[in-house]
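The values are calculated or read from the model by the stated rules, or taken from the named source; none is laboratory data. These numbers come from a predicted model, not from an experiment. Note that we place each Cβ from the backbone using ideal geometry, even for glycine, and neighbour counts take in every protein chain shown.
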Amino acid sequence: MSKRDIPQMLLAEAAMKKPMNRNDVTELVVEAKIKKGLTWTKIAKAVGESKEWATAALLGQMQMTKTQAEAAGKLLGLPPYAVLLLQQVPYKGSLPTAVPTDPLIYRFYELVSVYGTTFKELIHEEFGDGIMSAIDFKMDLKREADPKGDRVQIVMSGKYLQYKTY
């Protein structure tokens, strides 16, 4: 058997039992992270990407390269088929409900509900009629020390995409 046959063999093996899906892989990732006492930052270093991107990928929102998936799989002890699934194009959008029920995620929903029209107006005033890309996108999350209590600093940078006439 050659190395080229391995992905086909893994797919055939998975077809004979309940197939693992991308959500199963996310559960395996989280379980291994907890059991091994790892942080997303440490995992991201092994993967070779930012903690923000690597976390999104391992939670099922980004497609990893073979090298990235293998690095994550080795560190986390994932089975070969899970490593293969990390390399597939994911179904994006991981929230189970339209309005999030998790308090932290709900704050982002609330933020967009309250400030969404402000974001829209100010972006249109500065750039014109278009959108901020969530594909050509960067994010950085840091702790900001404050005497009144630490703050969460999130910087998001998305490419501006102008609507076109046709």
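So, of the residues in the stretch 28-50 that are part of a loop (DSSP other than H, G, I, E, B) and more than 13 Å from the chain's Cα centre (by Cα), which turns out to be surrounded by the fewest Cβ atoms within 10 Å (Cβ to Cβ)? Of everything passing the filter in the stretch 28-50, Gly37 is surrounded by the fewest Cβ atoms within 10 Å (Cβ to Cβ).
Among the candidates Gln68, Gln61, the residue that is closer than 16 Å to Glu49 by Cβ, assigned to a loop (DSSP other than H, G, I, E, B) and of a type outside the set (A, V, I, L, M, F, W, C) is uniquely Gln61. I need the full set of residues from the stretch 96-112 which are exposed (fewer than 11 other Cβ atoms within 10 Å of the Cβ) and within 30 Å of Gly73 (Cβ to Cβ), in order please. Of everything in the stretch 96-112, those that are exposed (fewer than 11 other Cβ atoms within 10 Å of the Cβ) and within 30 Å of Gly73 (Cβ to Cβ) turn out to be Pro96, Leu104.
The residues of the stretch 113-154 that are closer than 19 Å to Gln61 by Cα and surrounded by 10 or more Cβ atoms within 10 Å (Cβ to Cβ), listed by number, are Met132, Ser133, Ala134, Asp136, Phe137, Lys138, Met139, Asp140, Leu141, Ile154.
Matching residues to (1) part of a loop (DSSP other than H, G, I, E, B); (2) modelled with pLDDT under 90; (3) in contact with a strand residue (DSSP E or B) (Cβ under 6 Å, 6 or more places away or on another chain); (4) among the basic types (Lys, Arg):
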residue	(1), (2), (3), (4)
Leu84	no, no, no, no
Lys92	yes, yes, no, yes
Phe108	no, no, no, no
Phe119	no, no, no, no
Leu141	no, no, yes, no
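So that you can scan it fast, the table gives a plain yes or no per residue for (1) within 18 Å of Asn23 (Cα to Cα); (2) surrounded by 16 or more Cβ atoms within 10 Å (Cβ to Cβ):
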site: Glu52; (1), (2): no, yes
site: Met62; (1), (2): yes, yes
site: Ala69; (1), (2): yes, yes
site: Gly73; (1), (2): yes, yes
site: Gly77; (1), (2): yes, no
site: Ser94; (1), (2): yes, no
